[in-house]
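Read through the structure below, which is laid out as C-alpha cells, and then see the notes.
The values are calculated or read from the model by the stated rules, or taken from the named source; none is laboratory data. All values reported here derive from a predicted model rather than from experimental measurement. Methodologically, a virtual Cβ is constructed for each residue, glycine included, from the backbone with ideal geometry; neighbour enumeration extends over all protein chains shown.
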Amino acid sequence: MSKEPTRRTFIKKTALAGTAAIFAPTILSSKVFGANDRINAAVLGVNGRGGSHISSLMAQKNVQVTTLCDPDMDLLRKKQSDFKSKYNADVALEQDLRRVLENKDIDVVSIAMPNHWHALATIWACQAGKDVYVEKPGSHNIAEGRKMIEAAYKYDRIVQHGVQLRSSPAVQEAVKLMREGYIGKVYMARGLVFRMRGDIGDKGFSPVPEGLDYDLWTGPAPKRPFTKNLVHYNWHWHWDYGNGDVGNQGIHETDMCQWGLNVGLPTKITSMGGKFLWKDCKETPELLTSIYHYPEEEKIIQFEVRPWHTNDEGGATVGNIFYGDKGVLVIDGYDKFKTYLGNDRTPGLSGEDGGPSAAGVDRGLGGTDGHFANFIDAVRARDSSILNGPVETAHLSSALAHLGNIAYRLDRVLNFDPKSEKFVNDPEADAMLSRNYRKGFEVPENV
C-alpha cells in the first residue's frame with residue numbers, strides 16, 4: 001500500500017491523539033528487511049479471524065506464512081490441508097506458541113487467539129524479537145494493555161492493532177474532514193453494534209476433545225471444567241475469556257469514536273444493560289448502553305450494543321455517527337462514510353474505498369489486506385510511526401470497552417483518572433483493572 005507524504009503526516013498527527021505518557025524505547029538490534037527480502041510469518045490462532053490473517057499475509061509481496069499455531073491439533077491439520085490446496089505450499093504446525101516464538105526463522109506473528117491471550121502473547125512476542133499484528137481487542141483488561149505498550153517500546157517492536165478502519169482511505173478522509181471543521185464543532189460520537197447474537201444454550205461440561213490442549217487454550221485465564229460453550233467461539237460471552245460484543249465487534253467502533261473525536265480515555269463512565277431475550281449461559285449482556293464523558297474537552301461518547309437488527313441509525317447498523325454543530329458524519333461499516341449538513345440534513349460529501357475522493361484522487365483499497373500491508377511496510381522500514389493502528393490504539397480502544405463493562409458490572413457511575421489510569425478513590429473498581437493470572441502465564445509487572 002502506498003503512503004504519500006500528506007497521508008503519512010495526517011496519520012502521525014491523528015492516530016496517537018489522547019494517549020498517555022509511554023516509556024521511551026530501548027533500541028535493540030533488529031533484522032533489516034529490503035524490499036525483496038522474504039518475511040516469514042506465523043499465525044497464532046487459526047479459527048475465525050485467523051483465517052483472514054492467513055489470507056491477508058499471503059496476499060503481501062514477499063511474505064510467507066510458514067507456521068500455523070493453535071491448541072487444537074485437529075483444527076490445525078484441517079487448516080494445513082486448506083493451505084496446501086489454496087497455495088500449493090507446505091506449512092508447519094505447532095500447538096504451543098512458545099515454540100513458535102523460539103523459532104529464529106520467524107520474523108512476524110499475527111495473533112488471532114481468544115481475547116484473554118492477546119496481551120501476553122504480544123508481550124512474549126516482543127520479548128522474543130518478533131513484530132506483531134494483534135487482533136482486536138488488544139487487551140482483556142486495562143492494566144495489561146499498558147504493558148503491551150511498554151513491551152513494544154522497550155524491545156523496539158512493530159505492533160499493529162487489528163482496527164482496519166484506520167487503513168481505510170475513505171475513513172481517513174472522513175476524519176480529515178472533521179479535523180478541518182466540515183461538520184463544525186464535533187462534540188459527540190455514537191458507536192453502534194447492532195448484530196444478531198442468538199441463543200447459545202448451555203451445553204454443560206464434557207470431556208476435553210481429543211487433539212485439544214485445553215491447558216494451553218486456557219493460558220492466563222482461570223481453568224474451568226471444559227465445556228463446548230467456550231471452544232471455539234462462544235468464549236466471547238464469558239467474562240474470564242471475552243468481553244462481550246463491546247469488546248468484540250465493538251472495538252472497531254470504540255476506536256473510531258476516539259479517533260474521530262480526537263480523545264483518549266474519559267473521566268466519567270456509566271453503563272446499563274442486561275440479558276432480555278434468552279436464558280442461555282452467556283455471562284455478558286445482550287444489550288449494553290454506555291456513556292463516556294470528557295468534560296474538559298466538552299465531548300461525549302454514547303455506545304450501544306444490541307442483539308437484533310431492529311433498525312439502522314444514520315444508515316448504519318454497525319458503525320459510528322459523529323455530531324457537529326453544522327451537521328453529522330456517518331461511518332458505515334469499515335470503508336465508507338456520508339455526511340448530512342444543516343437542519344434539513346442536506347446530503348454532503350460521501351465516499352467509500354475504491355472510488356475517487358472528493359478531490360478526484362483514487363482512494364485505493366483498505367480492509368484487512370490494506371491494514372496488513374501497512375503493517376508489513378512498517379516492518380520493512382523499522383518505523384512504527386507509519387502504522388495506522390499502533391499499539392497505543394490496542395490499549396486505548398480496548399480500555400474504553402473495559403471501562404463500560406466495569407461500570408455495568410458494578411452498576412454505578414464511575415470516576416476515572418486518565419493520567420494514572422486508576423479510578424478515583426474506588427478500590428472496588430480498581431480491583432477490576434487487572435486479573436489474577438495462572439502460574440506460568442502471568443502478564444509481567446516489568447516487561
**Report entry** Residue among PHE303, PHE322 that is of a type in the set (Phe, Trp, Tyr), on the phi < 0 side of the Ramachandran plot and in contact with a Ser or Thr (Cβ under 6 Å, 6 or more places away or on another chain)
**Finding:** PHE303
Query raised in the report: Condition test on ALA394, is it of a type in the set (Gly, Ala, Ser), at pLDDT 95 or above and touching a His at 6+ places or on another chain (Cβ under 7 Å)?
Result: yes
Query raised in the report: Residues in the stretch 429-436: is at least one farther than 30 Å from PRO285 by Cα and either in a loop (DSSP other than H, G, I, E, B) or not basic (Lys, Arg) (or both)?
Result: no
**Report entry** Yes/no for ALA381 being farther than 26 Å from GLY184 by Cα, at pLDDT 95 or above and more than 19 Å from the chain's Cα centre (by Cα)
**Finding:** yes
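Got a sec? Which of ILE251, ILE158 is within 20 Å of ALA112 (Cα to Cα), buried (at least 24 other Cβ atoms within 10 Å of the Cβ) and touching a Lys or Arg at 6+ places or on another chain (Cβ under 6 Å)? Walk me through how you get there before you give the answer.
Values: ILE158 fails: touching a Lys or Arg at 6+ places or on another chain (Cβ under 6 Å).
Residue meeting the stated conditions: ILE251.
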Query raised in the report: So LYS439 fits all but one of (1) assigned by TED's automatic domain parsing to the domain that holds ASN248; (2) part of a loop (DSSP other than H, G, I, E, B); what number is the exception?
Result: (1)
Query raised in the report: In the stretch 173-199, which residue that is assigned to a loop (DSSP other than H, G, I, E, B) and under 24 Å from the mean Cα position of the chain (by Cα) is nearest to ASN320 (Cα to Cα)?
Result: ARG195
**Report entry** Test: PHE416 is over 21 Å from the mean Cα position of the chain (by Cα), in a strand (DSSP E or B) and either at pLDDT 95 or above or small (Gly, Ala, Ser) (or both)
**Finding:** yes
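Mind listing whichever residues of the stretch 369-392 are among the polar types (S, T, N, Q) and either outside the structural domain of SER52 (by TED's automatic domain parsing) or not in a helix (DSSP H, G or I) (or both)? Spell out the reasoning first.
Going through the stretch 369-392, the residues among the polar types (S, T, N, Q) turn out to be 374, 384-385, 388.
ASN388, the sole residue that qualifies.
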Query raised in the report: Can you tell me which of ALA92, ALA121 is touching a strand residue (DSSP E or B) at 6+ places or on another chain (Cβ under 6 Å), surrounded by fewer than 20 Cβ atoms within 10 Å (Cβ to Cβ), at negative phi and of a type in the set (Gly, Ala, Ser)?
Result: ALA92
**Report entry** Selection status of TYR153, in the same structural domain as PHE337 (by TED's automatic domain parsing) and touching a helix residue (DSSP H, G or I) at 6+ places or on another chain (Cβ under 9 Å)
**Finding:** no
Query raised in the report: Which of the residues spanning the stretch 327-352 are farther than 21 Å from LYS185 by Cβ, surrounded by 20 or more Cβ atoms within 10 Å (Cβ to Cβ) and touching a residue at least 40 places away in the same chain (Cβ under 8 Å)?
Result: TYR334, ASP335, LYS336, GLY351
Report summary line: Of those in the stretch 214-248 that are surrounded by fewer than 19 Cβ atoms within 10 Å (Cβ to Cβ) and in contact with a strand residue (DSSP E or B) (Cβ under 8 Å, 6 or more places away or on another chain), the residue nearest to SER139 (Cα to Cα) is HIS232
**Report entry** the stretch 172-190 - residue that is within 28 Å of PRO285 (Cβ to Cβ) and in contact with a Leu (Cβ under 9 Å, 6 or more places away or on another chain) and, of those, surrounded by the most Cβ atoms within 10 Å (Cβ to Cβ)
**Finding:** ALA189
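Just give me the residues in the stretch 254-279 being over 15 Å from TRP239 (Cβ atoms) and either assigned to a helix (DSSP H, G or I) or charged (D, E, K, R) (or both), in sequence order. Working first, answer last.
First, pick out the residues of the stretch 254-279 that are over 15 Å from TRP239 (Cβ atoms): 254-270, 272, 276-279.
Of everything in the stretch 254-279, those that are over 15 Å from TRP239 (Cβ atoms) and either assigned to a helix (DSSP H, G or I) or charged (D, E, K, R) (or both) turn out to be THR254, ASP255, MET256, CYS257, GLN258, TRP259, GLY260, LEU261, LYS268, LYS279.
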